[in-house]
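Report on one structure; see the data block that follows.
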Amino acid sequence: RALQQDLATALSRNELFLHWMPQADTKTGEINGFEALARWKHPVRGVVPPIMFIPVAEETAAIVQIGEWVLRTACREGMRWPKPGKVAVNLSPVQFQHGDIVQLVHSILLETGLPAERLELEITEGVLLDDLSGALNTLRRLKALGVQIAMDDFGTGYSSLSYLQAFPFDRIKIDASFIQTLSTSPQAKAIVRAVVALGASLDMPITAEGVETPEQRAFLAELNCEEIQGYLVGRPSPVVSFESPFIKQR
Ligand code: G
Ligand code: G
Ligand code: MN
Ligand code: NA
């Protein structure tokens, strides 16, 4: 059977669940919040990673329902955390084209009781590609709800700089590929340094993704990069823990 057909029934069969990936203050190590990552427990194939099913869901527009489920479930679970951390949720460009994403976010915040300022929506440049003015209008209305908007995967696509000029993002997430080559690539070092400086001048805090080593963290702390995410902070997990791997518990 095709993945596509199975995906159509995945939601009604309760096969989707969330993993959470912690995001920490680079210097103090304090856990600021978690990114929701969709997982699909396929009855035959086992857990299918999102890089395999999100693109399929986007082609069939199943992502609209799946995205709604992720948003609602993330906000609900976030309300039950032991601390009121940031709830970061990925939005697909397709969710911007179908239905009213602003109305959806608004109603899910009301329904779950999650304070708007705890929700951070991560968008990629794909959102801005074919209808820039429409997308900017939607982003402004989302921001008016009080939610935070982050530019995800920064540095990997096309004309990201013009998007930073066009919209006041609350955060920039530097793509993991730059962090993972820091130790071997002087170019990556220069790019990360420049992006962190850019974020500081634009008043957009930076999250570095894919941080795996203490050396990478030290480099980022030196640059005053605000936040880190990656295996060094914690792996994606179904349960959240606010215990920092950097702060000695006593
Ligand atoms: O968890 P993993 O690193 O395998 O996720 C791969 C990518 O899949 C992530 O970088 C993220 O952009 C995307 N992804 C994960 N969950 C969601 C989701 O709920 N919605 C969307 N649109 N993308 C997601
Ligand atoms: O939204 P985005 O596509 O950036 O989702 C982040 C994904 O990147 C997660 O699903 C996770 O699997 C992956 N990732 C995050 N941090 C690390 C890391 O430190 N090392 C590796 N290898 N993968 C990571
Ligand atoms: Mn993301
Ligand atoms: Na990313």
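None of the figures in this text is laboratory data; all of them are computed from the coordinates on show. Everything numeric here is computed off the predicted structure, so don't read it as measured data. In this analysis, Cβ positions are derived from the backbone assuming ideal geometry, glycine residues included, and neighbour counts consider all displayed protein chains.
Evaluate E = 1/(1 + (r/R0)^6) for MET79 and GLU243, where r is the Cβ-Cβ distance and R0 equals 25 Å; express this FRET efficiency to the nearest 0.05.
0.80
Would you list, by chain and number, the aspartates and glutamates whose Cα falls below 12 Å from the Cα of LYS143, excluding same-chain residues fewer than 8 positions away?
Of all the aspartates and glutamates, those that pass the test against LYS143 - Cα under 12 Å, at least 8 places apart if same chain - are GLU117, GLU120, ASP170.
Return the sequence-ordered ³J(HN,Hα) values of region 5-10 in whole Hz as given by the Karplus equation 6.51 cos²θ - 1.76 cosθ + 1.60 applied to θ = phi - 60°, using x for Gly and Pro.
Those phi angles translate into 5, 5, 5, 4, 10, 4 Hz.
Calculate, axis by axis, the spread of Cα positions in the chain along the three principal axes, and write the results as whole Å, longest axis first.
47, 47, 37
Non-local amide H neighbours of THR26 (under 5 Å, H modeled in plane, Pro and chain starts lacking H): which ones?
GLU227, ILE228
Run the quick spin-label model on ASP203 and SER183: label points 7 Å from Cα toward the beta carbon, then report their separation in nm to one decimal.
3.8
Roughly how many debye, to the nearest 20, is the charge dipole of region 146-250 about its Cα centre, given +1 on each Lys and Arg Cβ, -1 on each Asp and Glu Cβ, and no other charges?
In total the dipole reaches around 240 debye.
What's the FRET efficiency of LEU110 with ARG140 using the Cβ-Cβ distance as r and R₀ = 25 Å, to the nearest 0.05?
0.80
Mind checking the full-extension length gain between ALA166 and ALA8? Use 0.36 nm per residue of separation minus the Cα-Cα distance, one decimal, nm.
Working: separation 158, 0.36 × 158 = 56.88 nm, distance 3.63 nm.
Answer, rounded to one decimal: 53.3 nm.
Once you have the Cα-Cα distance between ASP25 and ALA61, take 0.36 nm times their residue separation minus that, and quote the gain in nm to one decimal.
Gain on extension, ASP25 to ALA61, equals 9.4 nm.
Going 7 Å from the Cα of VAL44 along its beta-carbon direction, which residues of region 1-17 have the amide nitrogen within less than 15 Å of the resulting point?
It comes to 1-10, nothing else.
Going by Cα centres, region 87-130 and region 198-250 are how many Å apart?
Their Cα centres are 24 Å away from one another.
I need to check one value: relative contact order of the chain, counting alpha carbon pairs closer than 8 Å and at least 6 residues apart, in percent.
22
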